[in-house]
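One structure below.
The values are calculated or read from the model by the stated rules, or taken from the named source; none is laboratory data. The structure presented is a predicted model; accordingly, all values stated were derived computationally and were not measured. Cβ coordinates were reconstructed from backbone atoms using ideal geometry, including for glycine residues, and neighbour counts include every protein chain displayed.
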Amino acid sequence: MVRTGGIHVKLKLGLIVSLRRDPKEEIEKVRRLGFPTCQVSCWNPDLYNEEMAKLLKQAAEENDVEITTLWTGFSGKAVWNFIDGPSTIGLVPPDTRKERLKTLKKASSFARKIGVESITTHVGFIPECPKDPVYVSLVEALKTVAQFCGENEQSFWFETGQETPITLLRTIEDVGTDNLGINLDPANLLMYGKANPVDALDIIGPYVRGVHAKDGEYPTNGRELGKEKPLGEGRVNFPALISKLKKLGYTGALTIEREITGPQQIRDIKKAKMFLEKLI
């Protein structure tokens, strides 16, 4: 429970699901598994249309599921490693940035139609050096996105992973709008070798607006990410993490993410839910 102004608030659990041609099935899965919230992830910008907005909003209302953020992926190549990742992921690569900015704006407008007050994405391997020309131009691009989201009465959330916490903090400060937040993925901080997630809260904690309940390991070589693990089997210290989030006044959702498919994914989600229920 979180104590806020003398009131106890229990953190909500959630599940990340994909936006598909028929969104009803995924939303019904959220409710069937006993979650009151979800994040909706979409990697196909063509789905950001009026009909899909109507179907998704209706499915969420009928199943009494709160969509806490629209997780926005991109079209084009994205390689999840340390060799090709910096040149293919997010808004950092200059050659794909213009098109991906359009996608984020389209996602923001779609999110507004379904009543969701934030969009989230991986910005990419943000340069450590604030004088790097790529960093300088990235900040200007992010100002454009943040201002667009602001006009839609939304927040823009950075998903943690490819950047160090201090670089992320500096980026938020340099963009400078008042509608920026962080979707903390503690496993990503480990899997990319960027930080211990519990310690990272000392730097970026005040900006955390969403949390992915995901577990993982540090990398074991300089080319490949660390391995994702079932919740409770990796290096994320969830008791300490959740305790620290509560002390920071966090009242958002803990959204389970398990990046595999098939029956084992469902089994791991159920185990993760039981694991978290003891901590919230």
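Take Lys194 and decide whether it is over 13 Å from the mean Cα position of the chain (by Cα) and surrounded by fewer than 18 Cβ atoms within 10 Å (Cβ to Cβ).
When the stated conditions are applied, Lys194 does not pass them.
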- Query: Taking only pairs six or more apart or across chains, which ones have beta-carbon atoms under 8 Å, a first residue in the stretch 142-159 that is farther than 20 Å from Gln39 by Cα and among the aromatic types (Phe, Trp, Tyr), and a second residue that is surrounded by 21 or more Cβ atoms within 10 Å (Cβ to Cβ) and at pLDDT 95 or above?
  - Reply: Phe148/Leu104; Phe148/Ser108
- Note on the structure: Filter the stretch 58-106 for residues that are among the acidic types (Asp, Glu) and more than 18 Å from the chain's Cα centre (by Cα); the one that is farthest from Tyr48 (Cα to Cα) is Asp84
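State whether the residues of the stretch 22-40 include one that is among the charged types (D, E, K, R) and more than 22 Å from Thr261 (Cβ to Cβ). So that I can check it myself, show each step before the final result.
Keep residues of the stretch 22-40 that are among the charged types (D, E, K, R), which gives 22, 24-26, 28-29, 31-32.
Filter once more, so that each one left must be more than 22 Å from Thr261 (Cβ to Cβ): none.
No: the stretch 22-40 contains no residue that is among the charged types (D, E, K, R) and more than 22 Å from Thr261 (Cβ to Cβ).
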- Message: Looking only at residues that are touching a strand residue (DSSP E or B) at 6+ places or on another chain (Cβ under 8 Å) and more than 19 Å from Arg21 (Cβ to Cβ) in the stretch 54-73, which one is surrounded by the most Cβ atoms within 10 Å (Cβ to Cβ)?
- Response: Thr69
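With respect to Gly226, determine if the residue is free of Cβ contacts under 8 Å to residues at least 40 places away in the same chain and either at positive phi or small (Gly, Ala, Ser) (or both). Reasoning before the result, please.
On the way: free of Cβ contacts under 8 Å to residues at least 40 places away in the same chain: yes; either at positive phi or small (Gly, Ala, Ser) (or both): yes.
Yes: the conditions hold for Gly226.
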- Selected residue (criterion: surrounded by the fewest Cβ atoms within 10 Å (Cβ to Cβ)) from residues of the stretch 201-244 that are in contact with a Ser or Thr (Cβ under 8 Å, 6 or more places away or on another chain) and outside any helix (DSSP H, G or I): Gly226
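Just the residues that are of a type outside the set (A, V, I, L, M), surrounded by fewer than 19 Cβ atoms within 10 Å (Cβ to Cβ) and in a helix (DSSP H, G or I), please, taken from the stretch 245-272. Lay out the reasoning, then the answer.
We begin by selecting, within the stretch 245-272, every residue of a type outside the set (A, V, I, L, M); these are 246-247, 249-252, 255, 257-259, 261-265, 267-268, 270-271.
After this cut, where a residue has to be surrounded by fewer than 19 Cβ atoms within 10 Å (Cβ to Cβ) as well, the list is 246-247, 249, 251, 259, 261-265, 267, 270-271.
Correct list: Lys246, Lys247, Pro263, Gln264, Gln265, Arg267, Lys270, Lys271.
Within the stretch 1-46, how many residues are modelled with pLDDT of 95 or more and either in a helix (DSSP H, G or I) or not aliphatic (A, V, I, L, M) (or both)? Before you say what the answer is, go through the steps one by one.
Within the stretch 1-46, the first condition is being modelled with pLDDT of 95 or more, and the residues that meet it are 11-19, 23-46.
Imposing the further condition that a residue be either in a helix (DSSP H, G or I) or not aliphatic (A, V, I, L, M) (or both) reduces the set to 12, 14, 18, 23-32, 34-39, 41-46.
Looking only at that region, the number is 25.
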- Message: Given the criteria more than 22 Å from Glu228 (Cα to Cα), at pLDDT 95 or above, part of a loop (DSSP other than H, G, I, E, B) and more than 15 Å from the chain's Cα centre (by Cα), does Asp174 qualify?
- Response: no
- Message: It is to be established whether one or more residues within the stretch 95-111 are part of a loop (DSSP other than H, G, I, E, B) and either surrounded by fewer than 22 Cβ atoms within 10 Å (Cβ to Cβ) or in contact with a helix residue (DSSP H, G or I) (Cβ under 6 Å, 6 or more places away or on another chain) (or both).
- Response: no
- Task: Take Lys227 and decide whether it is closer than 28 Å to Asn81 by Cβ and of a type outside the set (Val, Ile, Thr).
- Result: yes
- Query: What is the residue count in the stretch 112-145 for residues that are surrounded by 18 or more Cβ atoms within 10 Å (Cβ to Cβ) and within 23 Å of Thr255 (Cα to Cα)?
  - Reply: 10
- Query: Which residue out of Thr177, Thr160, Thr144 is within 21 Å of Arg223 (Cα to Cα) and hydroxyl-bearing (Ser, Thr, Tyr)?
  - Reply: Thr160
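Give the residue, chosen from Gly115, Gly90, that is in a loop (DSSP other than H, G, I, E, B), modelled with pLDDT of 95 or more and in contact with a His (Cβ under 6 Å, 6 or more places away or on another chain). Let's see the steps before the verdict.
Numbers: Gly115 fails: in contact with a His (Cβ under 6 Å, 6 or more places away or on another chain).
Testing whether each residue is in a loop (DSSP other than H, G, I, E, B), modelled with pLDDT of 95 or more and in contact with a His (Cβ under 6 Å, 6 or more places away or on another chain) leaves just Gly90.
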- Message: Looking at the stretch 51-62, can you tell me whether even one residue there is at pLDDT 95 or above and part of a loop (DSSP other than H, G, I, E, B)?
- Response: no
